[in-house]
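Enquirer: Sending over a structure as structure tokens; questions will come in a sec.
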Amino acid sequence: MDKIVFPTANGVVVTCEDKQVVSVIDLKGQKKLKSFRNKNKVIFWHFPFFRGVQYFLCGMFALLQALILTYDLCYPPVKTKDINKFYKMKLLLLMLVAVFGVVVSALALGLLPGKLGYLIVGYAGSEMLRNFVILVLKLVIFYVLMLSLRCFPSVNELFRFNRASDLLSNSSDKNENIKKSKSILKNIKLEQTPNFLNLLIFVFVLDTIVVTLCGASFGFWYNLFFHISILFLCTGVGYEIVWIVSKIPFVKYVTFFTSCLVFAKPTRTHYEMVSVAMTEMNLLQKGREFMEDESKKAFSVVYTEVKNKLASAGVTDKSDADWLIATVLGKNRMDIKLVPFVTDKQYQDILKATERRAKGESLDNIFGYTEFFGLRFDVNKKVLTPRMETEILVEQVLKAEKNYKNCTILDLGTGSGAIAVALAKNCDAKITAIDVSKVALATAEANAKKNDVKIEFLHSNLFDNLKRKRRFDIIVSNPPYIPSDEIPKLDKNVRECDPLLALDGGKDGLDFYRAIISKAPSRLNSNGQIFFEVGKGQASAVRKLLREEGFEEIKTIKDYNKIERIVCGKLK
């Protein structure tokens, strides 16, 4: 079964098979999260028509369960001596509300429209016309009752959480808050079944239309059987209608006449709570342990908070939150999402670092080092801070290195030495690293020593200081590729903290690619390969340059954001 979000007045509950995640805002405005294995597994199969009935019944149970779960998590625990009294009062109150609701519904939607219908059309009038008038009256009264519920803040909050969960599953939405929340939910796909509250209202309206227009009256037990049968039929058919139209652009607005009753405009907080719950469920499916102690600060809550604070401050690098949290926790960036919670001290340290990063201070200035390919590197304003995308470049070179015996690799423009050190740590190749900056070389050499690897470092402007006959099996480079005119438009952190020498790629950003590719054939062994990291939109131009210099088997690899990031080719 896929993930399904059930909204409540305080947050949301996400259920998936036997796992449940509760994400709420308590009375003090604090975000809380709890995850656990649910013994009462929500069963839901995908057979047309039958699935609608199953989804309806399971959904009713899950929605009631969600209301109880979020209520218990939001409100302070009751003292032991008062617990029986407390629950008796709560049960009595719920029963009174339920009885009152049934009585009002019976009078407002049953007795009143019938009496008015006969009064308007008369007993001698057309039965079809009278049934139609009764139907119109029922729908009008129902809509008035539903809209009047918005006067209650808790109901309005329920509708806001419901709308937030629905919008987050709509990839075409343009709302800025949704875009920010979607960046948190990278690679997370929300449940594609219909929105439950909308389905509930849609089925009720459909059932009302069918039952009223039929106007059947065969006695109490026959009527009861008839109404139950029609309800199940409308549930199955209604599910298929809502499910089908939700997949078709423009046609999906067919259900607007019911969805408008259970949707209210959400705020950013509502999006965040849905994002937190979905992030936690996604991590649980990857083997994360359950977060059953809601008093602790859940990682998913902290992660979402950091993401949103950085996004609000205009920090565009999506990996910054990962690096920031990983550095504070002292863990590998790939492992942090398996951490169930953070301590109060860790949380405060994360918030302090987040505030500094939000003000434009770079991560390397905040910490003095960064993590790359599972290794720690010292960085400064004289070298480019290694990016997450560059790890893909290292991965591709490591795959290629296995095809060579006694492989030799040249890293052009090594900077902090991140690529060269990561390669040396993970393969037996002989590696040479070159940079035109002596300060950068000093940083790279220090990083190599710190990570206990042997690398040959040379001060050179590309190939200039290499011996004329020296050749390599692989050349790898992450050269400057930002067009000169675009540098003033870069993020403040990049513009002010990274060296201009490591950014400026000339008028079109391709100056270094031309210089390297033009001389690369004379520096590669037979069947030698070259690997580049490229900027957004530059892959096709670099491929063309490689073809013109005789390279073949040219390939492009996309990064985590589906941008063409790595270009490689083999010399004929």
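Enquirer: What number, in percent, do you get for the relative contact order of the range 296-359 if the mean sequence gap of Cα pairs under 8 Å and at least 6 apart is divided by its residue count?
Expert: 50
Enquirer: Separate question: Find how much the distance from Gln348 to Arg547 grows on full extension, using 0.36 nm per residue of separation minus their present alpha carbon separation; answer in nm with one decimal.
Expert: Stretched fully, the Gln348-Arg547 segment lengthens by 66.4 nm.
Enquirer: How do the peptides 223-232, 516-525 rank, highest first, by the average count of neighbouring beta carbon atoms within 10 Å per residue?
Expert: 516-525, 223-232
Enquirer: If packing is taken as the average count of other Cβ atoms within 10 Å, what order do 459-470, 341-352 fall into, highest mean first?
Expert: 341-352, 459-470
Enquirer: Here's a follow-up. Taking every Cα atom in the range 242-391, find the radius of gyration and the maximum pairwise distance Dmax, and write them in Å.
Expert: 19.1, 60
Enquirer: From the phi of every residue in the range 366-371, what ³J(HN,Hα) in whole Hz does the Karplus formula 6.51 cos²θ - 1.76 cosθ + 1.60 yield, where θ is phi - 60° and glycine or proline is x?
Expert: Those phi angles translate into 5, 10, x, 7, 8, 10 Hz.
Enquirer: In whole Hz, with x marking every Gly and Pro, tabulate ³J(HN,Hα) for the range 389-405 from phi via Karplus 6.51 cos²θ - 1.76 cosθ + 1.60, θ = phi - 60°.
Expert: Listing the rounded values in order: 4, 5, 4, 5, 4, 4, 4, 5, 5, 4, 5, 6, 4, 5, 8, 10, 8 Hz.
Enquirer: Let's see if you can work this out: charge +1 on each Lys and Arg Cβ, -1 on each Asp and Glu Cβ, no other charges. What is the dipole magnitude of the range 296-359 about its Cα centre, in debye to the nearest 20?
Expert: Once rounded to the nearest 20, the dipole reads 60 debye.
Enquirer: A further question follows. For the range 296-359, what class follows from the C-alpha gyration tensor (a ≥ b ≥ c being the square roots of its eigenvalues): rounded when a/c is under 1.5, otherwise prolate if a/b is larger than b/c, else oblate?
Expert: Because a/c hits 1.5 or more and a/b exceeds b/c, the range 296-359 counts as prolate.
Enquirer: Once the piece of chain linking Phe256 and Leu338 is laid out straight, how much longer is it, given 0.36 nm per residue of separation minus the C-alpha distance between them?
Expert: Length gained, Phe256 through Leu338: 25.5 nm.
Enquirer: Based on the Cβ-Cβ distance of Ser312 and Leu112, what FRET efficiency does E = 1/(1 + (r/R0)^6) give at R0 = 56 Å, to the nearest 0.05?
Expert: With R0 = 56 Å, the Cβ-Cβ based efficiency is 0.65.
Enquirer: What are the residues whose amide H is under 5 Å from the amide H of Gly509, where those residues sit 5 or more places off or on another chain and H is modelled from the backbone?
Expert: Ser484
Enquirer: For a quick check: with amide H placed at 1.01 Å from N, whose amide H comes under 5 Å from Phe341's, ignoring anything fewer than 5 positions away on the same chain?
Expert: Correct list: Phe299.
Enquirer: While we're looking at this one, here's another question. Mind giving me the nanometre distance, one decimal, between the label points for Phe132 and Ser540, set 7 Å out from Cα along Cα→Cβ?
Expert: Inter-label distance under the simple model: 5.9 nm.
Enquirer: Anything over 27 Å Cα to Cα? Flag those among Lys19/Lys337; Lys430/Lys555; Lys450/Lys536; Lys31/Lys536, in the order listed.
Expert: Lys450/Lys536; Lys31/Lys536
Enquirer: Place the peptides 539-552, 388-401 in order of packing, highest mean first, counting for every residue the other Cβ atoms within 10 Å and averaging per peptide.
Expert: 388-401, 539-552
Enquirer: Now for a separate question. Once the Cβ-Cβ distance between Lys555 and Phe47 is put in as r, and R0 is 51 Å, what FRET efficiency do you end up with, to the nearest 0.05?
Expert: 0.75
Enquirer: Between Leu398 and Asn527, with labels modelled 7 Å along Cα→Cβ, what's the label distance in nm to one decimal, could you check?
Expert: The answer from the label model is 2.3 nm.
Enquirer: If you stretched the chain out fully between Lys519 and Glu456, how much longer would it get, using 0.36 nm times the residue separation minus the C-alpha to C-alpha distance?
Expert: 20.6 nm
Enquirer: While we're here: P(r) tail for the range 381-459, what percent of Cα pairs lie past 14 Å?
Expert: More than 14 Å apart: 57 percent of the Cα pairs in the range 381-459.
Enquirer: Could I have the simple spin-label model distance between Ile68 and Lys286, label points 7 Å from Cα toward Cβ, reported in nm to one decimal?
Expert: 3.3
Enquirer: Calculate one ³J(HN,Hα) per residue across the range 325-334 by plugging θ = phi - 60° into the Karplus curve 6.51 cos²θ - 1.76 cosθ + 1.60, and present them in order as whole Hz with x for glycine and proline.
Expert: 5, 4, 5, 5, 7, x, 10, 5, 4, 6
Enquirer: May I ask what percent, to the nearest 5, of DSSP beta bridges between residues of the range 382-571 are antiparallel?
Expert: DSSP beta bridges in the range 382-571 are roughly 35 percent antiparallel.
No lab work stands behind these numbers, since they all come straight from the coordinates. Just so it is clear, the model here is predicted, and its values are computed rather than measured. Backbone-built Cβ (ideal geometry, glycine too); neighbour counts: all protein chains shown.
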